[in-house]
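The values are calculated or read from the model by the stated rules, or taken from the named source; none is laboratory data. Note that the structure is predicted; figures quoted are calculated from it, not measured. When we count neighbours, we look across all protein chains shown, and the Cβ atoms used for this are built from the backbone with ideal geometry, even at glycine.
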Amino acid sequence: MAPELAAPFQTIYKGLTNGSDYPDPARLGDQLDTLIRHMLYSPTDLADILRAVSVIHDALTTRIISHHVSVFKTRNHRPVPGAFCWIAMGSDARQEQVVRTDQDNALIYADPPRSEQKIWDDYFADLAGHVVTDLDRFGFTLCKGNVMATNPKWRRSLTQWCRALDRWIGSTEPDDIRT
């Protein structure tokens, strides 16, 4: 990355990873658009641009998730019921974002105790709703194909994911092949 672009990149990144305030969508969007525009008109390698945008997107997603987990715990008295993993898919996972693209994401959570399955799914459905909504507010639009963690097909326990993958691998159905 060109030295003159490293400082704006670091400012955005540090604001997301170390900042105490929740980012302002309009301000961050302007900063990101300006950085991308300058990178595209600089001698910066395309691979470096793609990597930089992906790093920023990952930091933003992490910040959004952390924010809502904290809010759920402190304001709503709903601690995280168990381990989970947010999955980036599509252009974000391939690190191919030059501009803010639509969302493609999923959520996998640990297998809950049988008696708490609804509590866990409700928690992760709420978390996914807040994360997807905030990503949209930050300019990463909703996926028209509904490949997002707000869709129960893309938000499951680990065992449910393993069963779904087993079905998809042997399927010839177009929707299963796409996924």
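Quick rundown of the values:
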{"quantity": "H77 being buried (at least 17 other Cβ atoms within 10 Å of the Cβ) and modelled with pLDDT of 90 or more", "calculated": "no"}
{"quantity": "Residue within segment 110-125 that is in contact (Cβ under 8 Å) with a residue 12 or more places away in the chain, part of a strand (DSSP E or B) and of a type in the set (A, V, I, L, M, F, W, C) present", "calculated": "no"}
{"quantity": "Segment 90-99, subset farther than 15 Å from T62 by Cα and without any contact (Cβ under 8 Å) to a residue 40 or more places away in the chain, residue surrounded by the most Cβ atoms within 10 Å (Cβ to Cβ)", "calculated": "S91"}
{"quantity": "Residue count for segment 72-84, restricted to those that are part of a helix (DSSP H, G or I) and free of Cβ contacts under 8 Å to residues at least 40 places away in the same chain", "calculated": "2"}
{"quantity": "Odd one out for R114 among (1) farther than 26 Å from R75 by Cα; (2) surrounded by 15 or more Cβ atoms within 10 Å (Cβ to Cβ)", "calculated": "(2)"}
{"quantity": "Residues (among the charged types (D, E, K, R) and either in a helix (DSSP H, G or I) or in contact (Cβ under 8 Å) with a residue 40 or more places away in the chain (or both)) located in segment 1-33", "calculated": "E4, K14, R27, D30, D33"}
{"quantity": "Criterion (assigned to a helix (DSSP H, G or I), surrounded by 12 or more Cβ atoms within 10 Å (Cβ to Cβ) and modelled with pLDDT of 90 or more) met by exactly one of I87, I56, I36, I49", "calculated": "I56"}
{"quantity": "Filter result (in contact with a Lys or Arg (Cβ under 8 Å, 6 or more places away or on another chain), part of a helix (DSSP H, G or I) and buried (at least 16 other Cβ atoms within 10 Å of the Cβ)) within segment 126-179", "calculated": "A128"}
{"quantity": "Condition check for D102: surrounded by 15 or more Cβ atoms within 10 Å (Cβ to Cβ) and either modelled with pLDDT of 95 or more or part of a loop (DSSP other than H, G, I, E, B) (or both)", "calculated": "yes"}
{"quantity": "Residue within segment 8-31 that is surrounded by 15 or more Cβ atoms within 10 Å (Cβ to Cβ), under 25 Å from Y123 (Cβ atoms) and over 20 Å from the mean Cα position of the chain (by Cα) present", "calculated": "no"}
